[in-house]
Amino acid sequence: MSAVNDSKFNPAVFLLTGIPGQEDVYLWFSIAFCFTYIISIVGNAVILVIITTDLSLHEPMYIFLSILAVTDLGLLIATVPTILGVFLFNHRKISHNACFAQMFFIQSLQYIESGVLLLMAFDRFVAISNPLRYASILTLRRIVKMGLVFALRGVGVILPLPLLLQRYRYCRANVLSHSYCLHMEVMNMACADITVNNIYGLVITVLTVGLDSLLIFVSYVMILKTVLSIASRTEFLVALNTCVSHLCAVLLFYTPEFSLTLMHRFAKSSSPLPHVVLGYIYLLVPPLMNPIVYSVKSKHLRARIVRVFVK
């Protein structure tokens, strides 16, 4: 079926794409995605339930981790069913409104997750540089306020994008190169001047994800400066070890995030396969790996998880 013929004049739907040239092995891809989906859902749900029910884990670091688990669960629920529909049932059609809604949830949750990672960096900085005042600085009231600020930021900066996209006509080829909707790809299909969307998308990316990553880098420079002044080698290693989980989460999130953004903006003519593969890494790997990383590195959390499954 030709996507162009189906959607010559302002088509009512977009057509999602799996992995070009790999149609013969879609069943195996669907098994891998389904397995990843189940493991990610279970892992993040277990983390969330244990932290919320165990009073000994009601500390700032674990509260931020529970917020991270919520955003990861939201991303999985908003995207993976659509991806599985493409690979398992060849269900490629998605209406404009459904596409815009999915795009909103993906990007707002990504921006919220970026803010949570920044808060976790601040948590590590306070814990290492000012441990005696840690509890008085990061009170539950302040944590809730900071979490709400970043949640409202994520929703507020993304909301104009789907509203702008709804006003455009779509009369070009309606085939998306991913199994889900991304703003950068959808806006290029509009038969209109998309300068406002393009500039606004770039500005909010720089002022949110870009600024968050810069502040995280500054936090770790200050953490490194603090730990280098610690005389004891044992204390030095212990202090650094508390940051390993967060550093892994930061790399898992920002590396594919920036790579995908740069490829969509500056490597449009390159082969679509790297874009597609990176898109799946961008969505699926952080929610899968975050519970594993934190469970392995946090002995308190690991002990609670083991106790639950042993019982």
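Modelled this way, with points 7 Å down the Cα-to-C-beta line, the labels at Val203 and Leu273 are 3.9 nm from one another. Here the Karplus curve 6.51 cos²θ - 1.76 cosθ + 1.60, taken at θ = phi - 60°, turns the phi angles of the range 105-120 into couplings of 5, 4, 6, 5, 5, 5, 5, 5, 4, 4, x, 5, 5, 5, 4, 5 Hz, with x standing for Gly and Pro.
Pairs of Lys residues in the chain that lie 8 or more places apart, or on two chains, and have C-alpha atoms under 23 angstrom apart add up to 5. Comparing Asn97, Asn174, Asn290 in a Gaussian network model of the chain (Cα springs below 10 Å), the most mobile by mean-square fluctuation is Asn97.
Stokes-Einstein diffusion of the range 202-311 at 4 °C, 1.567 mPa s viscosity, Kirkwood radius from Cα pairs, rounded to a whole number: 78 µm²/s. In the elastic network of the chain, a GNM with C-alpha springs shorter than 10 Å, the most mobile of Ala98, Ala249, Ala69 is Ala98. In the chain, a dipole from Cβ-located charges (positive for Lys and Arg, negative for Asp and Glu) runs towards its positive end, and of Pro160, Leu215, Leu202 it is Leu215 whose Cα lies farthest in that direction.
Full extension of the chain segment joining Ser95 with Thr139 gains 11.4 nm, where the gain is 0.36 nm per residue of separation less the Cα-Cα distance.
The Leu27 and Thr226 beta-carbon pair, evaluated with R₀ = 51 Å, returns a calculated FRET efficiency of approximately 0.45. Helix content alone sets the calculated 222 nm mean residue ellipticity of the chain: runs of n ≥ 4 DSSP H residues at -39500 (n - 2.57) each, divided across all residues, give -24500 deg cm²/dmol.
Of the labelled figures (i) 24.2; (ii) 20.2; (iii) 21.0, only one reflects Kirkwood radius over Cα pairs in Å as derived from the coordinates, namely (iii). Roughly speaking, what % of Cα-Cα pairs in the range 1-158 are separated by over 23 Å, rounded to a whole number? Above the 23 Å cut-off, the range 1-158 has 53 percent of its Cα pairs. Compute log10 of I(q)/I(0) for the range 143-281 with the Debye formula, placing one identical point scatterer on every Cα and leaving out solvent, at q = 0.11, 0.16, 0.17, 0.19 Å⁻¹, to two decimals. The Cα Debye sum returns log10 ratios of -0.58, -0.99, -1.08, -1.24.
No value in this document is a laboratory result; all are computed from the given coordinates. Because the structure is a prediction, the values reported are computed rather than measured. With ideal geometry, Cβ positions are generated from the backbone for all residues, glycine too; neighbour counts draw on all protein chains shown.
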